[in-house]
Amino acid sequence: MGFQVLETSKLLNYARARSLWIVTFCTGCGGVELPPTATARFDFERFGIISTPSIRQADLLLITGYVTPKTLKRIIIVYEMMRNPKYIIAHGSCPINAGIYWDSYNTVKKLDLYIPVDVWIAGCMPRPEAILRALVKLMRMVKEGKALGWKRYLENFEFYRKNQDRLFGKDWRKREIEKLRFYIHD
Amino acid sequence: MALDVIVEILATVGMVFLLLILGLIFMGIARKVSARIHRRIGPPLYQPILDVIKLWSKIDPSSHGLTFDLGSLIALGGAITAALLLPIMGLKLLSFSGDFIVLMYLMELPALGIMLGAAASGNPFSAVGVYRGLILITGAQLPYALAVMAVAAEYKTLSLTEIVALQQGSILNWGLFRNPFAALVIAIIGLALLDVQPFDIPSAPAEISMGPMVEYGGKHLALMLTAHGLEFVVFATMYSIVFLGGVSDPISFIVKTVFVALLAIFIMNVYPRWRIEQAFSYLWKYPTALALLGLVKAVMLGGAM
Amino acid sequence: MIEEELVRKIVEVFSYVEAKVKRVRRVEVKVSREKLPEVAKYLRSIGFKHLSAISCVDRPQHGIFELVYHLWSYENRVHLMLKTTIPRNKPKYVTMINVWPNAFVYERDIWEFFGIEFEGHPDLRHFILDYWDDIPPLRKDFNHLEYIKRKYGVYDPEKEYYLR
Ligand code: SF4
């Protein structure tokens, strides 16, 4: 019940739309387009968007370019560490169908088989105007309560999990944790 | 009698609410002014309020155990208690004869609360942040205590109400002119306590990703942000009360606190961050020397001009 | 000319190497794989302290891998290419970490992309291709399209891929 109210309340959706915090995480070529989007020329902070280094505080994950299987693991881990509701914007043709890397052995071809994407931007590389347009579009979707990628991920977790396992092998989560063992202390 | 109590409770709640909103607005001012300094448009002034609402609207639980929850509560509680000690606009809610000392040490409580919660979260970045924060607080203690002593010796009282009364009359009676050394030192230490540049070593966002705050998200971060904003306001008000002649009416309250806050914001935007040992040796050199000078001045010349 | 002097010096010491000046500041030295370690040690001692890269070329028609050590001398300002070949059916070589310590990364890279094993290398693990399960991808006989189809699937517009 409370869940329903949290999801559909107009005020909460408005606040969510006006304060999207981005994880500072870039893949591929698109990272260079973000500083112009953030600084004086385009300034996304006027929409309340800031970038935060902490995953726990962020709402928005930008996939800014081609994704290799190794990066995809990190993306999935980061995405699962973020707190619901959370959104994803994918930049450029590489996340859509690997773009100019269509025959590369190490580029993931269709990103939304592995994680849910809310807004796609076409182009190689999208300019800051296009990124800003996508951000505004996402804000509108959030305000209307239509950006439901996080819910799709929860409901169809089996589907996403199956695709991820097919790419990385069954026990990839355990192996990733083993790699981080050094940093974990209880 | 009962009516008195009810009025007092209402005044307290209203004051706390007002100060909480004001704290968030102050953070909005900080972001807007920083944006204008960077030649950007910047977010609206009410942006931090939206941020807090959004953080409360997060669906997932965000706790890491009891100590973690207590950390943010202690931070907010410390800030609220400090706020209630201040004689603002003629209201004296918790005032007593030694409230200056209590206030000065309550100002440190939010930082300690954050450290406590962060240490419980088990994140390596938090651990580094806590370690840096404790070193910074240690560095700030000595000049802080000396400056507080200088102020006390200057006014020969420890009650904020009496300090305000002593500054009435001419503008030259203000603490800023009676003991400029102590005023300068408290301003510098304030930057360190508020965790802003050049003293934002504990939460260096680019190096240790927010330091102690890294595991805080959702509701805990909302409490934290509110506490931080409130601390900002409490510091600005305290400074106006002790050194700028008190805040007895709404106009002087707004003008003086915003003036102090703007000063902090400009400093924050102009100076880059220090390394930990630079900050430490700085704090034990110049502010300490200045605070000693202020103490000597206060003791030798007394409260006289 | 510093390049010719270098070539003369090298040939004087090791009579079996083929050394020639390619152009200004480029010297090429070819040596057989058994003799390369001692030549490498000598080159290091006469000033080629900087190993810029190790590159590998796959030549299936000759049945060899060609290893090229790109060296740079700060004193003489000369770029020297030290070349050797190893047979394709027995891809094994010795490590050069004891001569240039930064060979660590390059050898790991070549092991990953060409499958050449460097004996004496302490840490041959994957570092770009996690858990690779095919022949090394930069070999000429690696079949890209087949691998992609197997790993990522083919796009078929008739099929339901996406969740609706
Ligand atoms: S779409 Fe183009 S610019 Fe973007 S990552 Fe791919 S190749 Fe790079």
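The values are calculated or read from the model by the stated rules, or taken from the named source; none is laboratory data. Quick caveat, the model's predicted, so the values are computed rather than measured. Please note: Cβ atoms are built from the backbone with ideal geometry, for glycine as well, and neighbour counts cover all protein chains shown.
Tally time: how many residues in the range A:47-103 are charged (D, E, K, R), more than 14 Å from chain B (Cβ to nearest Cβ) and either within 12 Å of the ligand (Cβ to nearest atom) or under 15 Å from the mean Cα position of the chain (by Cα) (or both)? Reasoning before the result, please.
Pass one, the range A:47-103, residues charged (D, E, K, R): A:56, A:59, A:70, A:73-74, A:80, A:83, A:86, A:103.
Next, from what is left, pick out any that are more than 14 Å from chain B (Cβ to nearest Cβ): A:70, A:73-74, A:103.
With the extra rule that they be either within 12 Å of the ligand (Cβ to nearest atom) or under 15 Å from the mean Cα position of the chain (by Cα) (or both), the set shrinks to A:73-74.
Going through the range A:47-103 one residue at a time, the tally reaches 2.
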**OP:** Being part of a loop (DSSP other than H, G, I, E, B) and over 10 Å from the mean Cα position of the chain (by Cα) is the filter here, so list the residues in the range B:105-122 that pass it.
**Re:** B:Gly122
Original post:
Just wondering, is there one or more residues in the range B:250-266 that are touching a strand residue (DSSP E or B) at 6+ places or on another chain (Cβ under 9 Å) and under 29 Å from B:Ala152 (Cβ atoms)?
Top reply: yes
Subject >> Answer residue from the range A:104-117, given it is more than 8 Å from every other protein chain (Cβ to nearest Cβ) and within 12 Å of the ligand (Cβ to nearest atom) and is farthest from A:Ser9 (Cα to Cα) among those >> reply: A:Thr107
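Counting just the residues of the range A:118-130 that are away from the ligand (no atom under 14 Å from the Cβ) and within 16 Å of the chain's Cα centre (by Cα), which one comes out farthest from the other protein chains (Cβ to nearest Cβ)?
Looking at residues that are away from the ligand (no atom under 14 Å from the Cβ) and within 16 Å of the chain's Cα centre (by Cα), I get A:Val119.
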Subject >> Among (1) within 12 Å of chain C (Cβ to nearest Cβ); (2) under 30 Å from C:Glu146 (Cβ atoms); (3) not β-branched (Val, Ile, Thr) - the single one A:Arg161 does not satisfy >> reply: (1)
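Considering each of B:Gly169, B:Gly139, B:Gly133 in turn, give the residue that is of a type outside the set (Val, Ile, Thr) and in a loop (DSSP other than H, G, I, E, B).
Exactly one residue qualifies, and that residue is B:Gly169.
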Original post:
on the phi > 0 side of the Ramachandran plot and either among the basic types (Lys, Arg) or within 13 Å of chain A (Cβ to nearest Cβ) (or both) - does that describe any residue in the range B:225-243?
Top reply: no
**OP:** Output yes when any residue across the range A:3-11 is surrounded by fewer than 21 Cβ atoms within 10 Å (Cβ to Cβ), closer than 30 Å to A:Lys162 by Cα and more than 9 Å from chain B (Cβ to nearest Cβ), and no when none is.
**Re:** yes
Original post:
Which of the following residues is small (Gly, Ala, Ser) and closer than 30 Å to A:Pro85 by Cα: B:Gly65, B:Gly14, B:Gly78, B:Gly98?
Top reply: B:Gly65
Subject >> Unique match (being away from every other protein chain (no Cβ under 14 Å), over 29 Å from B:Arg132 (Cα atoms), part of a helix (DSSP H, G or I) and touching a helix residue (DSSP H, G or I) at 6+ places or on another chain (Cβ under 8 Å)) among B:Leu94, B:Leu19 >> reply: B:Leu19
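So that you can scan it fast, the table gives a plain yes or no per residue for (1) crowded, with 24+ Cβ neighbours inside 10 Å; (2) within 27 Å of B:Ile251 (Cα to Cα):
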site	(1), (2)
B:Ala75	yes, no
B:Ala79	yes, yes
B:Ala82	yes, yes
B:Pro87	no, yes
B:Leu91	no, yes
B:Leu94	no, yes
B:Asp99	no, yes
B:Met104	no, yes
B:Met107	no, yes
Subject >> Of all residues in the range B:46-62 being surrounded by fewer than 16 Cβ atoms within 10 Å (Cβ to Cβ) and under 26 Å from the mean Cα position of the chain (by Cα), the one that is modelled with the highest pLDDT >> reply: B:Tyr46
Original post:
Residue check: is A:Gly31 modelled with pLDDT under 85, farther than 20 Å from A:Gly149 by Cα and out of contact with any His (no Cβ under 9 Å at 6 or more places or on another chain)?
Top reply: yes
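May I ask you to verify whether C:Glu107 is in contact (Cβ under 8 Å) with a residue 24 or more places away in the chain, within 14 Å of another protein chain (Cβ to nearest Cβ) and surrounded by 16 or more Cβ atoms within 10 Å (Cβ to Cβ)? Walk me through it before giving the result.
Values: in contact (Cβ under 8 Å) with a residue 24 or more places away in the chain: yes; within 14 Å of another protein chain (Cβ to nearest Cβ): no; surrounded by 16 or more Cβ atoms within 10 Å (Cβ to Cβ): yes.
When the stated conditions are applied, C:Glu107 does not pass them.
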Original post:
From the list C:Lys83, C:Lys140, which one is away from chain A (no Cβ under 11 Å), of a type in the set (Lys, Arg) and closer than 27 Å to C:Lys35 by Cα?
Top reply: C:Lys83
**OP:** Inspect the range B:243-253 for any residue being within 30 Å of A:Leu20 (Cα to Cα) and either surrounded by 21 or more Cβ atoms within 10 Å (Cβ to Cβ) or of a type in the set (Lys, Arg) (or both) and give the result as yes or no.
**Re:** no
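Starting from residues that are more than 10 Å from A:Gly48 (Cβ to Cβ) and away from the ligand (no atom under 16 Å from the Cβ), keep the ones in the range A:17-33 and report whichever is surrounded by the most Cβ atoms within 10 Å (Cβ to Cβ).
So the first thing to find is which residues in the range A:17-33 are more than 10 Å from A:Gly48 (Cβ to Cβ), and the list is A:22-33.
Then keep just the ones that are away from the ligand (no atom under 16 Å from the Cβ); that gives A:22-24.
Values: A:Ile22: 21, A:Val23: 23, A:Thr24: 17.
For the range A:17-33, the residue satisfying everything is A:Val23.
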**OP:** Keeping to the range B:25-79, report how many residues are facing chain A (nearest Cβ under 8 Å), under 17 Å from A:Asp59 (Cα atoms) and out of contact with any Lys or Arg (no Cβ under 7 Å at 6 or more places or on another chain).
**Re:** 3
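Any idea which of B:Ala192, B:Ala227, B:Ala187, B:Ala204 is surrounded by fewer than 24 Cβ atoms within 10 Å (Cβ to Cβ), touching a residue at least 40 places away in the same chain (Cβ under 8 Å) and within 13 Å of the chain's Cα centre (by Cα)?
Details: B:Ala192 fails: surrounded by fewer than 24 Cβ atoms within 10 Å (Cβ to Cβ); B:Ala227 fails: surrounded by fewer than 24 Cβ atoms within 10 Å (Cβ to Cβ); B:Ala204 fails: within 13 Å of the chain's Cα centre (by Cα).
Among B:Ala192, B:Ala227, B:Ala187, B:Ala204, only B:Ala187 is surrounded by fewer than 24 Cβ atoms within 10 Å (Cβ to Cβ), touching a residue at least 40 places away in the same chain (Cβ under 8 Å) and within 13 Å of the chain's Cα centre (by Cα).
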Original post:
Which strands (runs of 3 or more DSSP E) sit wholly inside the range C:1-95 and have at least 1 residues that are touching a residue at least 24 places away in the same chain (Cβ under 8 Å), under 21 Å from C:Trp111 (Cα atoms) and not basic (Lys, Arg)?
Top reply: C:50-59, C:64-73, C:78-87, C:92-94
